[in-house]
Ligand code: NI
């Protein structure tokens with residue numbers, strides 16, 4: 001996510017991600033100011049430790065349990081822990097954690113930390129990143145937040161599937177929906193173009209199916 005030449009990244013799963021076409025080195029050429037982690041699974045914490053080693057100035061925003069784990073790994077970056085429902089504001093960026101229902105394990109550590117979704121308010125726009133989650137009633141309340149862009153998982157197996165994501169989109173009523181969390185592993189195969197077609201047919205939102213490296217501009 002880029003605003004005023006500052007980049008914000010969420011769940012940097014780069015190494016070992018067969019859908020990711022850039023390296024950590026290439027990512028670090030961007031002017032990253034903030035890194036948000038939604039939960040502790042390896043495909044979300046990803047390259048966080050390598051990134052913080054290279055860039056100890058990046059602000060990390062994550063659930064408290066993950067912040068504690070990062071500290072135990074020697075991470076000295078500025079960090080902000082948030083509880084579900086909590087928010088943090090700095091200049092024109094506000095980050096709020098909202099409910100996600102998913103497993104809370106932090107890697108293989110045996111530690112548990114509640115996973116989250118996140119609402120990012122930046123430059124007058126609101127972006128909802130659902131994290132990994134089942135379809136949950138809480139999403140019905142998001143319509144009040146007037147979300148411009150939602151990132152919704154559609155892969156099934158670990159999260160809600162495309163049919164449930166359509167229901168989520170009908171509740172959230174964001175202008176744009178980007179499908180995510182699919183086709184990286186064999187058990188989360190999903191048909192993104194059919195999902196996009198259904199979003200349009202039902203007038204739930206404008207779909208934007210992104211390939212790696214592609215972007216959406218919010219105007
Ligand atoms: Ni997960």
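We did not get these values from a lab; they are worked out from the coordinates using the rules stated. Everything numeric here is computed off the predicted structure, so don't read it as measured data. Cβ: placed from backbone, ideal geometry, glycine included. Neighbour counts: every protein chain shown.
Residues 171, 69 in ascending order of nearby Cβ atoms (within 10 Å, fewest first): 171, 69. Rounded to the nearest 10 degrees, the angle from helix 192-201 to the longest Cα principal axis of the chain is 50 degrees.
Picking from 75, 177, 98, which is most flexible by a Gaussian network model of the chain using Cα springs under 10 Å? The residue that fluctuates most here is 75.
Remark: relative contact order (region 12-84) = 29 percent; criterion is Cα-Cα distance under 8 angstrom and separation of 6 or more residues.
Over all orientations, region 50-147 has a Cα convex hull whose mean projected area works out to 6.9 square nanometres.
Sorted from greatest to least, the principal axis extents spanned by the alpha carbons of region 108-171 come out as 39, 27, 18 Å. Helices in the chain, meaning DSSP H runs of at least 4 residues, each add -39500 (n - 2.57). Divided by all residues, the mean residue ellipticity at 222 nm is -5500 deg cm²/dmol. Stretched out straight at 0.36 nm per residue, the stretch from residue 105 to residue 201 would grow longer than its current Cα-Cα span by 30.8 nm.
Sorted ascending by nearby beta carbons within 10 Å, beginning with the fewest, 24, 178 become 24, 178. When only Cα pairs below 8 angstrom with a gap of at least 6 residues are kept, region 104-212 shows a relative contact order of 20 percent. Modelling each spin label as a point 7 Å along the Cα-to-Cβ direction, I'd like the residue 72/residue 29 distance in nm, to one decimal. It works out to 3.7 nm between the two label points. Using 0.36 nm per residue and subtracting the Cα-Cα separation, the extra length available between residue 163 and residue 183 on full extension is 5.6 nm. Of all beta bridges that DSSP places with both ends in the chain, some 50 percent have antiparallel geometry. Reported to the nearest whole Å, the Cα centre-to-centre distance from region 1-67 to region 175-201 is 23. On the beta carbon distance between residue 3 and residue 175, with R0 = 22 Å, the FRET formula returns roughly 0.80.
With N as its number of residues, region 1-95 has a Cα radius of gyration that, divided by 2.2 N^0.38 Å, comes to 1.03. By the Cα gyration tensor, the chain has an equivalent ellipsoid whose semi-axes, rounded to whole angstrom, run 26, 19, 18 from largest to smallest. Computed extension length for residue 218-residue 194: 6.3 nm, one decimal, from 0.36 nm per residue of separation with the Cα-Cα distance subtracted. Each of 55, 18 was scored by other Cβ atoms within 10 Å of its Cβ. Listed from fewest to most, they are 18, 55.
Averaging over all projection directions, find the projected area of the Cα convex hull of region 88-205 and quote it in nm² with one decimal place. Convex hull of Cα atoms, orientation-averaged projection: 8.0 nm². Rounded to the nearest 10 degrees, the inclination of helix 162-172 to the longest alpha-carbon principal axis of the chain is 90 degrees.
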